[in-house]
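A short write-up of the structure that comes next.
The values are calculated or read from the model by the stated rules, or taken from the named source; none is laboratory data. The shown structure was predicted, so the numbers you read here are calculated from the model rather than taken from an experiment. Neighbour counts are summed over all protein chains in view; Cβ atoms, including those assigned to glycine, are modelled from backbone coordinates with ideal geometry. Quick note on the areas: whole protein, heavy atoms, side chains included, nothing else; ligands and nucleic acids left out. Shrake-Rupley method; radii C 1.70, N 1.55, O 1.52, S 1.80 Å.
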Amino acid sequence: MRGLNASARATAAHRARWGPPTLVVRAPGRVNLIGEHTDYNDGFVLPMALPFDTVIAVSAAPDGRSVLSSEGFGDAVIGAPVGSPPWAAHVQSMVDILASDGVAAPPWRGTVASDIPAGAGLSSSAAIEVAVGWVVATLAGREVDPVAVARYGQEAESRLLGAPTGLMDQLASAGAVAGSAQLIDCRSYERRSVRLPSDAGFVVMDTSTRRRLAGSEFATRMATCRRAAELLGVAALRDATADDVATLQGAHDLEWRRATHVVAENERTVAAAAAMDADDATTLGRLMTESHRSLRDLFEVSSEALDAIVDAASSAPGCFGARMTGGGFAGCAVALVAADRVDSFRAEVAAGFEQATGKTATMWVCDAGPGAGIEFQEAP
């Protein structure tokens, strides 16, 4: 069954265990092209949805016991988190937050399958949060608002991490538009579709490394950014300028480094969207490379594996630029590559990365997929 896509696997597994589903919901992963660690600073991000989904097939639970079963990861009884597998915390948190806002579904049972690599920085956790939000809202008879579902997911993630997180991952999954990236203002939640380069493609490169205990590192960086904003007397680093941030150097060097990245990354993200509007792959690639260097040197969230694959990509013919993507420390990078060099690029990067690290990389050439939605709903 593993050769089938997530939708087919979820539907088949549900049918085998509980009968035909009455509702099938999907939510994609995302790759962030540029704009890293800016979302929780009220800044700008530029993600696109990936053609990898988390899918939940659903039917009513006649016994009144809501259960979600995940392929390879066991069952989670909703409402009874004790003894549930770790992934179920995302589900329970979403259900609780929706219920506290008056959005509660009758008992349901679901089967979840996913094509999104877990822990790779491609937002597998946001996808399950968004998918659960879509299921609950639909079963409750509510019109589904992508921004509202994303905000529920943001709150769920913040609770689980123990610190306020940004909105990018959930909003990219919930509100993406097929065929384009989204420039998102993480303060106003305004989104603008940005066309992809015409003669170049994005290659997602998985280093096969995974984060371990990185939550505390994320929380530390969020706290440092908040402290930098307080020192500068601004609501968020979105409101600071490079001249403002320069005043932190010396007395507050850690805050200066983190804030320098955030302020410049916001500028790079807006400039990257403009370069995409102009179909200027050269400028876009340069901005992506600058972003990686900043994340490596100033924000310090890269890793040896991420640096190695970005170096291998950057030296391959046809590459306009490359950078780590996601929260960092492990996982994936993304490269912008001339369309006629993609095959040779993948071969060269795979060889260079293996020589440098001894690890095998997995690579995908990705188009921008659609945001979350209902794949199937039984007629009333």
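Miscellaneous remarks
- Cα-based radius of gyration for region 41-102, normalised by 2.2 N^0.38 Å, reads 1.43.
- Under 5 Å from the amide H of residue 326 lie the amide H atoms of 32, each residue being 5 or more positions distant or on a separate chain, with H modelled from the backbone and absent for Pro and chain starts.
- Evaluated at q = 0.17, 0.23, 0.24 Å⁻¹: base-10 log I(q)/I(0), Debye formula over Cα of region 148-258: -1.09, -1.20, -1.21
- Relative contact order [Cα under 8 Å, 6+ residues apart], the chain, whole percent: 23 percent
- Calculated FRET efficiency, residue 300 to residue 16, Cβ-Cβ distance, R0 = 56 Å: about 0.75 to the nearest 0.05.
- In summary, the helical segments of the chain meeting the span-like criteria, namely a full DSSP H run, a Cα extent along the axis of 27 angstrom or more and a mean Kyte-Doolittle hydropathy of at least -1.0, are 253-277.
- A cut-off of 5 Å between modelled amide H atoms, ignoring neighbours fewer than 5 places along the same chain, links residue 166 with 40.
- Gain upon complete extension [residue 356, residue 241; 0.36 nm per residue less C-alpha separation]: 37.6 nm
- Residues with amide H under 5 Å from that of residue 52, placed H, sequence gap 5 or more: 29
- Taking every alpha-carbon pair under 8 Å whose residues sit at least 6 apart, region 2-157 reaches a relative contact order of 27 percent.
- Cα extents of the chain along the three principal axes, largest first (Å): 62, 50, 38
- Within the accessible area of the chain (1.4 Å probe), percent carbon and sulfur: 51 percent
- In loop segments of region 162-251 as defined by DSSP, the chymotrypsin sites (Phe, Trp or Tyr not before Pro) with at most 15 further C-beta atoms inside 10 Å of their C-beta are 189.
- Accessible surface area normalised per residue over the chain is 40 Å², counting heavy atoms of protein chains with a 1.4 Å rolling probe.
- For q = 0.22 Å⁻¹, Debye-computed log10 I/I(0) when each Cα of region 1-121 counts as one equal scatterer: -1.29
- Stretch gain in nm, segment residue 210-residue 344, where the contour uses 0.36 nm per residue and the Cα spacing is subtracted: 45.6 nm
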